[in-house]
Amino acid sequence: MALAQRFDLEIISVDSALVYRGMDIGTAKPSTAERLAVPHHLIDLIDPLESYSAARFVNDAQQLIAQIRSRGRLPLLVGGTMLYARALQGGLDELPAADPQVRARIDAQAATLGWPAMHARLAQIDAPTAARLEPGDSQRIQRALEIFELTGKPMSTLIGRWRESDAPISVTQGVVAQAKASQWPVIALEPSNRSVLHARIEQRFDDMLRAGFLDEVRGLRARGDLNVSLPSMRCVGYRQAWQFLDELESLGAKGPGPLASRRQRFIDEAVAATRQLAKRQLTWLRSMPDRQVIDCLARDATEQVISKVAQLSGRA
């Protein structure tokens with residue numbers, strides 16, 4: 001939003017959770033006022049019952065980039081779904097669509113063996129993908145195993161590698177801007193102090209709870225057509241909230257003690273999952289060879305980003 005005060009730009013979301021309608025609090029979706037002040041794209045695209053893919057993101061983003069540039073404005077890609085960023089920047093081989101039967105079979109195996117065991121299986125067939133996933137990351141482990149079963153190839157071999165490109169777009173973790181041809185400038189907002197990052201994650205989740213996150217998930221559950229195995233409900237925070245509400249129903253009238261204990265465990269699990277997500281994002285960023293790192297904890301971080309975008313986009 002600070003960049004929008006300096007540059008004539010439009011924002012393209014690089015976030016796999018913001019595409020879902022009705023999932024606002026748990027995704028920290030930009031407010032209505034923010035979206036009215038600056039055009040935002042790839043937000044509220046689909047119903048939580050539907051699925052979205054990296055391939056679809058690339059197609060949607062490329063069209064939007066062309067449209068924004070045709071208006072003489074700067075496309076600013078913002079977000080932390082690093083697979084999407086990598087797919088747009090380095091290319092992505094066509095991946096098979098989800099297969100309900102294969103997924104059900106993998107889920108059944110995981111129910112018996114546990115997701116850490118499925119992660120170990122993935123490490124045997126696709127070590128690079130397994131290395132960047134936590135043993136409990138059921139959604140991504142399932143997808144990687146599914147792709148291998150459907151194609152006979154590790155997912156890591158189907159994802160295009162980082163490479164130089166002539167396309168005048170730059171992808172950034174916190175920010176992605178249009179740039180001179182033959183450049184893919186990456187501005188990565190990375191914390192210099194991991195403990196401060198963890199404290200911010202805890203505060204962020206507490207703010208979401210105060211804003212009514214559990215009521216948001218209750219409303220999604222009340223629809224009756226969603227379940228915890230859907231990609232939307234596997235988003236960080238939503239999966240833990242769904243499981244917590246399941247347990248609340250099973251606890252019934254067993255008293256405030258068990259409820260309070262389970263609530264704290266739910267919070268701890270959601271915060272831990274968010275910390276794991278942040279760790280994966282930083283791992284992805286370190287694989288981006290030419291990223292420009294700005295300490296997001298620095299007092300002048302915003303000014304540094306503005307200066308860097310001006311330099312890289314040629315709009316100083």
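Below are the figures for this structure:
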| quantity | calculated |
| --- | --- |
| Any hit, the stretch 179-192, residues being more than 19 Å from the chain's Cα centre (by Cα), at pLDDT 95 or above and outside any loop (DSSP other than H, G, I, E, B) | no |
| Qualifying positions in the stretch 1-54 - assigned to a helix (DSSP H, G or I) and of a type in the set (Asp, Glu) | Glu34 |
| In the stretch 135-162, residue modelled with the lowest pLDDT [restricted to those that are of a type in the set (Gly, Ala, Ser) and more than 15 Å from Val102 (Cβ to Cβ)] | Gly160 |
| Helices (runs of 4 or more DSSP H) lying entirely in the stretch 223-316 (those with 2 or more residues that are within 17 Å of the chain's Cα centre (by Cα)) | 238-251, 256-286 |
| Residue within the stretch 66-73 that is assigned to a loop (DSSP other than H, G, I, E, B), touching a helix residue (DSSP H, G or I) at 6+ places or on another chain (Cβ under 6 Å) and either modelled with pLDDT of 95 or more or aromatic (Phe, Trp, Tyr) (or both) present | no |
| Long-range neighbours under 8 Å by Cβ, at least six apart or interchain, first residue of a type in the set (Phe, Trp, Tyr) within the stretch 1-22, second part of a strand (DSSP E or B) | Phe7/Leu74; Phe7/Leu76; Tyr20/Ile46 |
| Every residue from the stretch 83-117 that is in a helix (DSSP H, G or I) and aliphatic (A, V, I, L, M) | Leu83, Ala85, Ala87, Leu88, Val102, Ala104, Ile106, Ala108, Ala110, Ala111, Leu113, Ala117 |
| Condition met for Ser165 (at pLDDT below 95, assigned to a loop (DSSP other than H, G, I, E, B) and either on the phi > 0 side of the Ramachandran plot or of a type in the set (S, T, N, Q) (or both)) | yes |
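The values are calculated or read from the model by the stated rules, or taken from the named source; none is laboratory data. Keep in mind it's a predicted model, so treat the numbers as computed, not measured. All Cβ positions, even for glycine, are placed from backbone atoms using ideal geometry, and neighbour counts span all protein chains on display.
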